[in-house]
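Trainee: Below: one structure in structure tokens.
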Amino acid sequence: MSSELRIPLTQRRTGSSALKACFNATNAFLGIGLLTVPYALSSGGWFSLIFFFAIAVMTFYTGILLKRCMETDPSIKTYLDIAEHAYGKMGKVIVSLSMNSELYLVATGLMILEGDNLDNLFPNFAIKLGDWEIGGKESFIIITALIIFPSLLLMDLSILSYVSATGVFSCLIILGSIFCLGAFEGVGFDAKGDLLDVGGIPTAVSLYVVCFAGHPVIPTIYDSMQHPDQFNMVMFFSSLITTITYGSTAIISYLMFGKYVESQITLSLPTSKVSAQVAIYTTLLIPLTRYALIITPLANSIEGGLSENYKNRRPVKMSIRIALLISTVVVASVFPYYESLMAIIGSIFVVLASFLFPCFCYLKLSGSYRSWNCETIGIWVIVIFGILAGTIGTYSSIVDLVNSI
């Protein structure tokens, strides 16, 4: 996730070891992208893995670029600081809007995720209020919101932060469960799939991009390290673990289900099997532990725009959080298309945060845009890829979404 792990504990830690920094970075990258990466492979075919590995290499490099941006000025501590130093207040506002929009869509995606998987487990469930009946998926989204609501009342989210930090282990459990289902519970690995589906490449690339959506937290991880000179090694191993985990999940799932992979791999799993149940129930914990962590920075950003008379009042804070919760429930119920939402997040917001912003900020802060060398050419290649992936992916995602409605 991806993107849903943008709030790690590194903001509260100083002097962390390389091992701790590697764990935090991996935790920032591994997320709900794990559930859609098999669908990405089924959309583009086996040859689309070339894009997957290329994206992994490019996002590793843009992570290094963010570190170099921080080295230009010791006062730079966060992703927003980099944007402000490079392009002033306007740059900071643009990046902030992009990050907050992504957080809102990820929170909405968590609601859809929970509703889809609970509906898969209990397909006949519905809520009846007199003559009015609420369908199973919508009912589960509402129930999820009611369960999540108490966590929004907490101003100190440190406990949930520690729970959310188990994201790495959750992803490994899901991967292990899927493998066990194929190897030991009769599903097998006999599906061949397609070598290439050109029409599905835009969707595949957009969903692959979502897998590497942790860049806004990289400056905080770097700043927290006891030995910042070890950051390149930390970034390398974190990217390697992330790539292996996502790649293994995609390949194993595609060998199991081929073109019949659902938008979330958990929806393809036979619910009667023990391994499938482990994977599904592990997935169900993700929205419950992370929703408040994702919504809180967005709520704080809204509060920051209020006058001093209102921003620190608890009723105002709670009203904002409740409004955000209700709005994500409504959006998730009206537009319950998880794969399209994730593709839009990837093609717009992750492309901006993980490809374009790091490159443009580095070119500006380092002055590299004034000269041409191998590194500068490489950076512009990443920029061009990001623009193409973002433009084509956004168009394709919107068309798919319109066709799904």
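Trainee: Restricting attention to segment 99-115, does a residue exist that is of a type in the set (Val, Ile, Thr), surrounded by fewer than 18 Cβ atoms within 10 Å (Cβ to Cβ) and at pLDDT 90 or above? Please lay out each step first, then the result.
Mentor: Filtering segment 99-115 down to residues of a type in the set (Val, Ile, Thr) leaves 106, 108, 112.
Within this subset, residues satisfying the condition of being surrounded by fewer than 18 Cβ atoms within 10 Å (Cβ to Cβ) are none.
The answer is no, given that none of the residues of segment 99-115 is of a type in the set (Val, Ile, Thr), surrounded by fewer than 18 Cβ atoms within 10 Å (Cβ to Cβ) and at pLDDT 90 or above.
Trainee: Here's another thing I want to ask about it. Scan segment 294-311 and give yes if some residue there is under 19 Å from Gly33 (Cα atoms) and among the aromatic types (Phe, Trp, Tyr), otherwise no. Please lay out each step first, then the result.
Mentor: Within segment 294-311, the first condition is being under 19 Å from Gly33 (Cα atoms), and the residues that meet it are 294-295.
Among the residues that remain, those that are also among the aromatic types (Phe, Trp, Tyr) are: none.
The answer is no, given that none of the residues of segment 294-311 is under 19 Å from Gly33 (Cα atoms) and among the aromatic types (Phe, Trp, Tyr).
Trainee: Name the single residue, out of those in segment 9-43 being part of a loop (DSSP other than H, G, I, E, B) and either of a type in the set (Asp, Glu) or surrounded by 24 or more Cβ atoms within 10 Å (Cβ to Cβ) (or both), that is modelled with the lowest pLDDT. It would help to see each step written out before you state the result.
Mentor: Start the filter on segment 9-43 by keeping residues that are part of a loop (DSSP other than H, G, I, E, B), which leaves 13-15, 17, 30-32.
Retained after the next criterion (residues that are either of a type in the set (Asp, Glu) or surrounded by 24 or more Cβ atoms within 10 Å (Cβ to Cβ) (or both)): 30-32.
On the way: Leu30: 88, Gly31: 83, Ile32: 80.
Only one residue tops the list, namely Ile32.
Trainee: Sticking with this structure for a sec: Here are the criteria: (1) part of a helix (DSSP H, G or I); (2) open to solvent by 50 Å² or more (accessible area, probe 1.4 Å); (3) in contact (Cβ under 8 Å) with a residue 12 or more places away in the chain; (4) not β-branched (Val, Ile, Thr). Tell me which single one Phe125 does not satisfy.
Mentor: It fails just one condition, (1).
Trainee: Do the conditions hold for Leu175, that is, is it aliphatic (A, V, I, L, M) and surrounded by fewer than 16 Cβ atoms within 10 Å (Cβ to Cβ)?
Mentor: Numbers: aliphatic (A, V, I, L, M): yes; surrounded by fewer than 16 Cβ atoms within 10 Å (Cβ to Cβ): no.
Spelling it out, it is not the case that Leu175 is aliphatic (A, V, I, L, M) and surrounded by fewer than 16 Cβ atoms within 10 Å (Cβ to Cβ).
Trainee: Still on this structure, I have one more. Inspect all residues belonging to segment 205-218 and state whether any of them is open to solvent by 50 Å² or more (accessible area, probe 1.4 Å) and in contact (Cβ under 8 Å) with a residue 12 or more places away in the chain. Before you say what the answer is, go through the steps one by one.
Mentor: So in segment 205-218, the residues open to solvent by 50 Å² or more (accessible area, probe 1.4 Å) come out as none.
No, segment 205-218 contains no residue that is open to solvent by 50 Å² or more (accessible area, probe 1.4 Å) and in contact (Cβ under 8 Å) with a residue 12 or more places away in the chain.
Trainee: Continuing with the same structure: Failed condition for Ile326, given (1) in contact (Cβ under 8 Å) with a residue 12 or more places away in the chain; (2) under 30 Å from Asp197 (Cα atoms); (3) in a helix (DSSP H, G or I), with all others met?
Mentor: (2)
Trainee: Being within 27 Å of Asp119 (Cα to Cα) and of a type in the set (Gly, Ala, Ser) is the requirement here; does Ala299 meet it?
Mentor: Numbers: within 27 Å of Asp119 (Cα to Cα): no; of a type in the set (Gly, Ala, Ser): yes.
When the stated conditions are applied, Ala299 does not pass them.
Trainee: Contact list please: Cβ distance under 6 Å, first residue in segment 352-372 and free of Cβ contacts under 8 Å to residues at least 12 places away in the same chain, second residue open to solvent by less than 30 Å² (accessible area, probe 1.4 Å), pairs at least six apart or on different chains.
Mentor: Taking only residues 6 or more apart or on different chains, the pairs are Ser368/Thr376; Tyr369/Leu363.
Trainee: Being closer than 25 Å to Cys211 by Cβ and either at pLDDT below 90 or not in a helix (DSSP H, G or I) (or both) is true for just one of Pro336, Pro315. Which residue is that?
Mentor: On the way: Pro315 fails: closer than 25 Å to Cys211 by Cβ.
Exactly one of Pro336, Pro315 is closer than 25 Å to Cys211 by Cβ and either at pLDDT below 90 or not in a helix (DSSP H, G or I) (or both), namely Pro336.
Trainee: Something else: For segment 361-390, how many residues are surrounded by 20 or more Cβ atoms within 10 Å (Cβ to Cβ) and of a type in the set (Phe, Trp, Tyr)?
Mentor: Final tally of qualifying residues: 1.
Trainee: Quick one: would you say Leu146 is open to solvent by 70 Å² or more (accessible area, probe 1.4 Å), at pLDDT 90 or above and among the aliphatic types (A, V, I, L, M)?
Mentor: Values: open to solvent by 70 Å² or more (accessible area, probe 1.4 Å): yes; at pLDDT 90 or above: yes; among the aliphatic types (A, V, I, L, M): yes.
Judged against the criteria, Leu146 is a match.
Trainee: Right, here's the next one. Just checking, which of Tyr246, Tyr260, Tyr254 is open to solvent by 10 Å² or more (accessible area, probe 1.4 Å) and aromatic (Phe, Trp, Tyr)? Before you say what the answer is, go through the steps one by one.
Mentor: Numbers: Tyr246 fails: open to solvent by 10 Å² or more (accessible area, probe 1.4 Å); Tyr254 fails: open to solvent by 10 Å² or more (accessible area, probe 1.4 Å).
Selected residue: Tyr260, the only one of Tyr246, Tyr260, Tyr254 that is open to solvent by 10 Å² or more (accessible area, probe 1.4 Å) and aromatic (Phe, Trp, Tyr).
Trainee: Turning to a different aspect of this structure: Those residues that are hydroxyl-bearing (Ser, Thr, Tyr), part of a helix (DSSP H, G or I) and in contact (Cβ under 8 Å) with a residue 12 or more places away in the chain, I need them from segment 256-287; list them, please. Lay out the reasoning, then the answer.
Mentor: Filtering segment 256-287 down to residues hydroxyl-bearing (Ser, Thr, Tyr) leaves 260, 263, 266, 268, 271-272, 275, 281-283.
Remaining after also requiring part of a helix (DSSP H, G or I): 260, 266, 275, 281-283.
Hits for segment 256-287 are Tyr260, Thr266, Ser275, Thr282, Thr283.
The values are calculated or read from the model by the stated rules, or taken from the named source; none is laboratory data. Bear in mind the structure is a predicted one, so any value in this text is a computation, not a measurement. Neighbour counts run over all protein chains shown; Cβ positions are idealised from the backbone, glycine included. Just so you know, the surface numbers come from the protein's heavy atoms only, side chains and all, with ligands and any DNA or RNA stripped out. Shrake-Rupley method; radii C 1.70, N 1.55, O 1.52, S 1.80 Å.
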